[in-house]
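A.B. asks: Pasting in a structure now, in structure tokens, and then I'll have a few things to ask.
The values are calculated or read from the model by the stated rules, or taken from the named source; none is laboratory data. All of these numbers come straight from a predicted model, not from anything done at the bench. Every residue, glycine as well, gets a Cβ built from its backbone with ideal geometry; the counts of neighbours run over all protein chains shown.
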Amino acid sequence: MDRAIDHAASDQGSVSLDGFRERSLNRGVNPILYWTLRALFVPFFLIYFRMQRIGREHLPRHGALILASNHRSFLDPFVIGTLVRRPVYYMAKRELFEKRWQAWLLNGLGAFPVDRGAGDEAAMDTARAILARGDCVVVFPEGTRIRSRGLASPRRGVGRLALQTGAPVAPIAVFGTDQVRRGWRIRPRKVRLRVGAPLEFPSVEQSSPAAAAAVTERVWACVSLQWAWLGGERAAEGQREQAQRPRETIPRRRRVHQRLFPAQRRIQAHDEPPAREEIRAA
């Protein structure tokens, strides 16, 4: 009997998730809820958080667009939504849809559920359909909120989505949102966002894992560039360990070359993309 109840509950949960995805596809955001809250959030963010939005002119006003950003706080989707004057859609973990009122609110604001631990293909189908009709989708390549000082390694979902849809990908860095919340208290901390020029990739019907990973690395390098410009640490754990190797392991002649030619040193160490890519992303 208990197994039957659990099975029925799980079936009901899956149906509800599908319902939220269908609403995002067929009905979109709740216009009254979305534009009312946006009208309240934007001045609040600008005044209370002293929000600074850099590079908004890079974002196209029409057509499909993927907004790829680092993820530090629950506040990130809301501040990213202020970058464009049109609704944005984003994936949210399925646990946020367990409470009825919270699920209705998030879904009305553009969120649709994703089962992060199961490789949710239905969520990817929803994202592709939203992009196909010319809307914006926010993607967090890290997959979850990162509390460390630097950026985490990205997952290749954003590269796969870009190749399958042909939508341009705008690299975005969000800085300061992790300092806003302490418990239930929302503190007045400065929040900054920086947007790079959108990256365009060819559209393919079936993207290989290697191609999706390559596109993701290209996107993430540009996100990392925006993050570094805002003052964040760019190095991932592996790069940080490499940078902390004992100085004696580097030949003296190479150390002199590194001091004289820092740009060439960065290119050789693969710590950041070449200067040509930096100029294009900026």
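A.B. asks: Taking the stretch 70-97 on its own, how many of its residues are touching a residue at least 60 places away in the same chain (Cβ under 8 Å) and more than 21 Å from Ala173 (Cα to Cα)?
C.D. replies: Residues of the stretch 70-97 that are touching a residue at least 60 places away in the same chain (Cβ under 8 Å), as a first pass: 70-77, 79-80, 83, 89, 94, 97.
If we keep only those that are more than 21 Å from Ala173 (Cα to Cα) as well, we get 94, 97.
Total meeting the criteria: 2.
A.B. asks: Right, another one. Taking the stretch 26-37 only, how many residues are surrounded by 16 or more Cβ atoms within 10 Å (Cβ to Cβ) and out of contact with any Leu (no Cβ under 8 Å at 6 or more places or on another chain)?
C.D. replies: Narrowing the stretch 26-37 to residues surrounded by 16 or more Cβ atoms within 10 Å (Cβ to Cβ): 28-30, 34, 37.
Retained after the next criterion (residues that are out of contact with any Leu (no Cβ under 8 Å at 6 or more places or on another chain)): 28.
Residues that pass the stated criteria total 1.
A.B. asks: Does Glu95 satisfy the condition of being out of contact with any Leu (no Cβ under 9 Å at 6 or more places or on another chain) and under 20 Å from Gly159 (Cα atoms)?
C.D. replies: Spelling it out, it is not the case that Glu95 is out of contact with any Leu (no Cβ under 9 Å at 6 or more places or on another chain) and under 20 Å from Gly159 (Cα atoms).
A.B. asks: Testing Leu109 on (1) under 16 Å from the mean Cα position of the chain (by Cα); (2) closer than 23 Å to Thr165 by Cβ, one condition comes back false. Which one is that?
C.D. replies: Here Leu109 clears every test but (1).
A.B. asks: From Met91, Met124, which residue is outside any helix (DSSP H, G or I), at pLDDT below 95 and assigned by TED's automatic domain parsing to the domain that holds Leu40? Break it down stepwise before answering.
C.D. replies: Details: Met124 fails: outside any helix (DSSP H, G or I).
On inspection, the qualifying residue turns out to be Met91.
A.B. asks: Also: Among the listed residues Gly166, Gly134, Gly176, Gly196, which satisfies the condition of being assigned by TED's automatic domain parsing to the domain that holds Glu98, crowded, with 19+ Cβ neighbours inside 10 Å and out of contact with any helix residue (DSSP H, G or I) (no Cβ under 8 Å at 6 or more places or on another chain)?
C.D. replies: One residue alone meets the criteria, Gly176.
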